[in-house]
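Below: the structure, in structure tokens.
The values are calculated or read from the model by the stated rules, or taken from the named source; none is laboratory data. Predicted model, so just to flag it, every value in this text is computed and none were measured. Because the Cβ atoms are built from the backbone with ideal geometry, glycine has one as well, and the counts that use them run over all protein chains shown. The area values use the complete protein model at the heavy-atom level, side chains included, leaving out ligands, DNA and RNA. Shrake-Rupley method; radii C 1.70, N 1.55, O 1.52, S 1.80 Å.
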Amino acid sequence: MTLILGIESSCDETAAAVVIDGRTMRSNVVASQIELHRQYGGVFPEMASRQHVLAILPVMQQALADAEVVWADLDAIAVTRGPGLAGSLLVGVNAAKAAAWMQGLPLLGINHLEGHIYANWVEAEGNLPDKQFPVLVLIVSGGHTELILMLGHGSYRRLGGTLDDAAGEAFDKVARVLGLGYPGGPAIEQAGRSGDAAAYPLPRAWLSGSHDFSFSGLKTAALRAVQKLEGAGNDEERRLTPGAHLPPAQIADLAASFEEAVVDVLVTKTIAAAKATEANEICVCGGVAANARLRHHFQQRSPLPVATPPLYLCTDNAVMIAAAGYYRRLHGEHSNLQLDVKPHLPLVLAQEA
Ligand code: KG4
Ligand code: ZN
């Protein structure tokens, strides 16, 4: 039995978790900074690092206590080294290095995107069936939208990704334009529940012949629709409080129409990529994978089995980092105390693609 402590601090969640054999979750502690950043309408990097410094040790201790283990029970520490905010990553990496040195434990530096993928391998009971490679992976988070063909553990081929905004970023920006606040994904999902998804025919960028995505045109079209509904005039108040002048029914229709357009493109292109690569199954992961409309459309439209993590493992957490660490360790990998953060770390290095 291999017990790994995972640590995650790449953005605005300070998280630690204990996972057995990469498959069974023993604890999952997440200190969210959402309330702190809400007043700025997005993540304020300097505030995020300071908050990580305050939270990291209590969160690590809580993860051990919840799992009912002590340091001596652990086999390794896995920590996110990138991609993410440099100042935020540094807090987790330094805490992991200090603990690994003090406790004499092996250290594993983990790619945050690989972590998101492994959220599909782990759950409370550890009973998920083995996946049949190749698996087509769609990563949809606040910073990334990527289509990856996973050939085996730790073996990835990048098929395509967004040319401009990530899907989560588009949700966050359109939520701001609709006056729905931060984080935008859950706010749009909630607002759109009572809306008509066919009310506004918003554009879909198909980029046919490629596995790439583009969401900036859709985002601009949503902004234009709001401006048109709000009527003429570009006064300061309208600029500062967008969407505030629209009746809730129009906001609901716009939110549903926008969500439908994003989901339509994500689902259609992922299924096409899975067919083109003869993948056996599809795994969806990242914060946007929590979206009910996305999950529903995948289940309705995909001819292949589609796995999505439980909702609490879609957004950032350390369970997924510990799970990814297990498979890295299984392949004999480990990092040393020179481990450094890599804010722009890609999942697939250019020479491997
Ligand atoms: O994976 P994540 O927690 O952080 C990154 O690695 O970026 O993803 C956060 C993103 C945010 O853009 C947030 O708006 C989006 O995931 N998100 C959602 C939902 N929950 C979170 N988007 C759509 N629907 C949701 N239910
Ligand atoms: Zn993430």
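From Arg329, Arg293, grab the single residue that is surrounded by fewer than 24 Cβ atoms within 10 Å (Cβ to Cβ), in a helix (DSSP H, G or I) and within 18 Å of the chain's Cα centre (by Cα).
Arg293
Cβ-Cβ below 6 Å, separation at least six or inter-chain, first residue in the range 89-116 and of a type in the set (D, E, K, R), second in a helix (DSSP H, G or I) and within 16 Å of ligand 1 (Cβ to nearest atom): which pairs?
Taking only residues 6 or more apart or on different chains, the pairs are Glu114/Ala324.
Scan the range 257-278 and tell me whether some residue there is within 16 Å of ligand 2 (Cβ to nearest atom), at pLDDT 95 or above, hydrophobic (A, V, I, L, M, F, W, C) and within 16 Å of Gly184 (Cβ to Cβ).
Checking the range 257-278: not a single residue is within 16 Å of ligand 2 (Cβ to nearest atom), at pLDDT 95 or above, hydrophobic (A, V, I, L, M, F, W, C) and within 16 Å of Gly184 (Cβ to Cβ).
Return the only residue of Asp196, Asp172, Asp165 being surrounded by fewer than 16 Cβ atoms within 10 Å (Cβ to Cβ) and either within 16 Å of ligand 2 (Cβ to nearest atom) or over 23 Å from Ala276 (Cβ atoms) (or both).
It is Asp196.
So, in the range 1-29, exactly how many residues are away from ligand 2 (no atom under 16 Å from the Cβ) and farther than 15 Å from Leu64 by Cβ?
Going through the range 1-29 one residue at a time, the tally reaches 6.
Can you tell me how many residues in the range 99-110 are within 16 Å of ligand 1 (Cβ to nearest atom) and surrounded by fewer than 24 Cβ atoms within 10 Å (Cβ to Cβ)?
Selection size over the range 99-110: 0.
Failed condition for Leu54, given (1) away from ligand 2 (no atom under 16 Å from the Cβ); (2) open to solvent by less than 60 Å² (accessible area, probe 1.4 Å), with all others met?
It fails just one condition, (2).
For the range 150-162, which positions are open to solvent by 30 Å² or more (accessible area, probe 1.4 Å) and either acidic (Asp, Glu) or out of contact with any helix residue (DSSP H, G or I) (no Cβ under 7 Å at 6 or more places or on another chain) (or both)?
Hits for the range 150-162 are Leu151, Ser155, Arg157, Arg158, Thr162.
Among (1) within 11 Å of ligand 1 (Cβ to nearest atom); (2) under 12 Å from the mean Cα position of the chain (by Cα); (3) at negative phi; (4) buried (at least 19 other Cβ atoms within 10 Å of the Cβ), which single condition is Val284 missing?
Here Val284 clears every test but (1).
Condition check: within 15 Å of ligand 1 (Cβ to nearest atom) and either under 15 Å from Ala318 (Cα atoms) or under 19 Å from the mean Cα position of the chain (by Cα) (or both). Does Gly92 satisfy that?
Spelling it out, Gly92 is indeed within 15 Å of ligand 1 (Cβ to nearest atom) and either under 15 Å from Ala318 (Cα atoms) or under 19 Å from the mean Cα position of the chain (by Cα) (or both).
Please go through the range 296-326 and give me each residue that is open to solvent by 10 Å² or more (accessible area, probe 1.4 Å), polar (S, T, N, Q) and within 16 Å of ligand 2 (Cβ to nearest atom), ordered by number.
Matches in the range 296-326: Thr308, Thr315.
Test of understanding: among Asp73, Asp21, which residue is modelled with pLDDT of 95 or more, open to solvent by 10 Å² or more (accessible area, probe 1.4 Å) and in contact with a Leu (Cβ under 6 Å, 6 or more places away or on another chain)?
So the residue among Asp73, Asp21 that is modelled with pLDDT of 95 or more, open to solvent by 10 Å² or more (accessible area, probe 1.4 Å) and in contact with a Leu (Cβ under 6 Å, 6 or more places away or on another chain) is Asp73.
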